[in-house]
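Participant: Quick one: the structure is below, and I'll ask about it shortly.
Here, each number is a calculation from the coordinates, and none is a lab measurement. This structure is a prediction, so every number in the text was calculated from the model and none was measured. Glycine also receives a Cβ, built like all others from the backbone with ideal geometry; neighbour counts cover every protein chain displayed.
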Amino acid sequence: MHTPLRILFIAAEASPFVKIGGLGDVAGSLPPALKTLSPELDIRLVIPLHGAIRRSDYTLQAESVFDVSYSNGSIRAETFSLELNGVITYLISGSPISQDAPVYSGDNSVDGWKYTFFSLAALELARSLNWTPHIIHANDWHTAAAVYALQVNRNGDDFFQNTATLFGVHNLPYLGDGADTALGAFGLPPASGSPLPWWAQHMPLPLALLAADFIVTVSPNYAQEIMTPDFGVGLDGFLRMRRKSVTGILNGIDTDIWNPAEDPHLPENYDLNGISRRRENKSALQNEFNLKQDLKIPLISMISRMDYQKGVDLLPEALRQISDLDWQVIILGTGQADLEDEVYQIEREFPDRARAVIRFDPALSSRLFGGSDITLIPSRYEPCGLTQMIAMRYGCVPVARATGGLVDTIHDQVTGDPGTGFLFQDATPGSLAESLQRAIRVYQLQERWQKLQVNGMNTDFSWQYSARQYLSLYENLIQELNDH
Ligand code: ADP
């Protein structure tokens, strides 16, 4: 008899419940997309019941209560459930998931305790429901313990005997260093003598890379990159050994939410047939930010976390190098104080054409995507990146570093076709400036520029395509394990 696949999808965050970064987008969008693609698929999502989740927004049903054991006894877990977008979602609470703590505290000894408890509780939840998943799909270091625990306890655990594990890597450098005490306390020892480098044998993410039946990154190019010294954070040798079990599937974006024809934040909505209406949005931005009202001047935006990863620090010198060209720039972002200062410095240096907006402001991000001509993504590494996909959907042309998912999603010009954006190779101000200069030159060629915009807007970045690939990955994984 054909049994529907049962998948337990475990993540630290998922929109709309709680979203801090790209992981929240994926965990919130992929399970419903899979369910739409294959209604019989029994995929269930499990996340912590963080303090940041507004319980009053949801009708939560009480589920099972059980204990998670650790070295000094046990900790009570209370679980709740609801169905959202066709996906049964479980939320787990318990004392390590403090209602006063942020989703990520930045202190892995604290977060390690919370997330190891959560990961093990997610497994116990399946047991308490007597619902054996065919696959546990865990994501990033926070839920790595679930994958490792299955391997450590596989012998003698009939319930999970045949459960396969898939580990999703959204950001490799976050290894979970500092969570080892928590892992130990919950009965998960270091993997001494394993093929992992010695320094990684007690860290959650490497342990999941070791234990998982299969590893998936959020773009095909990032899957290749993490097997190289430049991007492998010391795990590249180990990952090369596991090469056959590593793949990459591009994230999608929610094309209902990110839709210039209906985005409520835009002064003027438009679609592929009315790109010229973007002019109104550009004009509104120039007005809002007290920039010279001139539609011929290319308006550049940058919308980003202020993080070294994102290459924000390349910007001041790059702009200096093209200061003799006509441009305007609006930079929106928050994060590291020193990088925020650099952005303020740009505004001081170019008072008539640069604006710094240091805050998190989704409405403004929409207005920038819908009104600026070019958006900058000079990332040092980018596992997938959503910004470039959103920008292209809005007819805003990306100038981006040729790394990670940016390479998979942005096509630089080839003979005869302007592509969908501009890519540069080196994480240097010079390389960024050169690419930006190239973009500004093409911007003067109206017809060619419009072709660039149309190409971007015509690209399908919906989850549908990715969901299909995840479904095949699940099916292949089960097939392979059955064959062994
Ligand atoms: P990451 O997850 O590494 O931050 P992504 O490109 O995958 O990078 O996703 C970032 C998302 O957050 C994008 O949708 C981007 O527009 C948005 N974003 C980043 N900074 C801000 C901000 N200050 N205000 C509003 N949206 C922002």
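Participant: Rounded to the nearest 20 Debye, what is the dipole magnitude of region 1-155 about its Cα centre when Lys and Arg each give +1 and Asp and Glu each give -1 at the C-beta?
Facilitator: Working: 10 positive and 14 negative charges, 42 e Å.
In debye, rounded to 20, region 1-155 gives about 200.
Participant: Another one. Could you give the angle, 0 to 90 degrees to the nearest 10, between helix 463-483's Cα long axis and the longest principal axis of the Cα atoms of the chain?
Facilitator: Result, in degrees: 30.
Participant: Right, something else. Under a crude label model (7 Å from the Cα following the beta-carbon direction), how far is A52 from N290 in nanometres?
Facilitator: 3.3
Participant: Another question, then. Please return the longest stretch of the chain lacking exposed loop sites, where GluC sites (Glu not before Pro) count only if DSSP places them in a loop and at most 12 other Cβ atoms lie within 10 Å.
Facilitator: 263-484
Participant: Further question: So what's the back-of-envelope 222 nm ellipticity for the chain, counting only DSSP H runs of four-plus at -39500 (n - 2.57) apiece and dividing by all residues, rounded to 500?
Facilitator: It lands at -11000 deg cm²/dmol.
Participant: Shifting gears a bit: Which net charge results when you count Lys and Arg as +1 and Asp and Glu as -1 among the other residues whose beta-carbon is under 15 Å from that of S283?
Facilitator: Residues close to S283 contribute a combined charge of +2.
Participant: Further, regarding this structure: Taking the Cβ of each residue in M457, M302 as the centre, tally the other Cβ atoms inside 10 Å and list the residues starting with the fewest.
Facilitator: Ranked by crowding around the Cβ, least crowded first: M457, M302.
Participant: What whole number of Å gives the distance from the Cα centroid of region 451-468 to the Cα centroid of region 5-26?
Facilitator: Here the answer is 22 Å between Cα centres.
Participant: Please arrange R359, R242, R367 by counting, for each residue, the other beta carbons lying within 10 Å of its beta carbon, fewest first.
Facilitator: Fewest-to-most Cβ neighbours within 10 Å comes out as R359, R242, R367.
Participant: I've got another one for you. Helix 22-37 versus the longest principal axis of the chain: what angle, 0 to 90°, nearest 10, using Cα atoms?
Facilitator: Between the helix axis and the principal axis of the chain, the angle is about 70 degrees.
Participant: In what order do Y148, Y308, Y443 fall by count of nearby beta-carbon atoms within 10 Å, going from fewest to most?
Facilitator: Y308, Y443, Y148
Participant: Let me know the Rg and Dmax you get for the chain when you use only its Cα atoms, in Å.
Facilitator: When restricted to Cα atoms, the chain yields Rg and Dmax of 23.3, 72 Å.
Participant: Set the Förster distance to 45 Å, then compute FRET efficiency between N162 and E262 from the Cβ-Cβ distance, nearest 0.05.
Facilitator: 0.50
Participant: Moving to a separate point now. Which of S93, A284, P204 sits farthest toward the positive end of the charge dipole of the chain, with +1 on the Cβ of Lys and Arg and -1 on the Cβ of Asp and Glu?
Facilitator: Farthest towards the positive pole: A284.
Participant: In degrees, nearest 10, range 0 to 90: what is the angle between the Cα axis of helix 446-458 and the longest Cα principal axis of the chain?
Facilitator: Taking Cα atoms only, the helix is inclined about 20 degrees.
Participant: Let me ask you something else. Using unit Cβ charges (K, R positive; D, E negative) and no other charged atoms, how large, in debye to the nearest 20, is the dipole of the chain about its Cα centre?
Facilitator: My answer is approximately 440 debye.
Participant: Can I ask one more? Between region 350-410 and region 119-192, what is the separation of their alpha carbon centroids in Å?
Facilitator: Here the answer is 35 Å between Cα centres.
Participant: Sticking with this one: If R₀ is 35 angstrom, what is the calculated FRET efficiency for the pair W198 and Y174, using the beta carbon separation as r and rounding to 0.05?
Facilitator: E between W198 and Y174, to the nearest 0.05, is 0.95.
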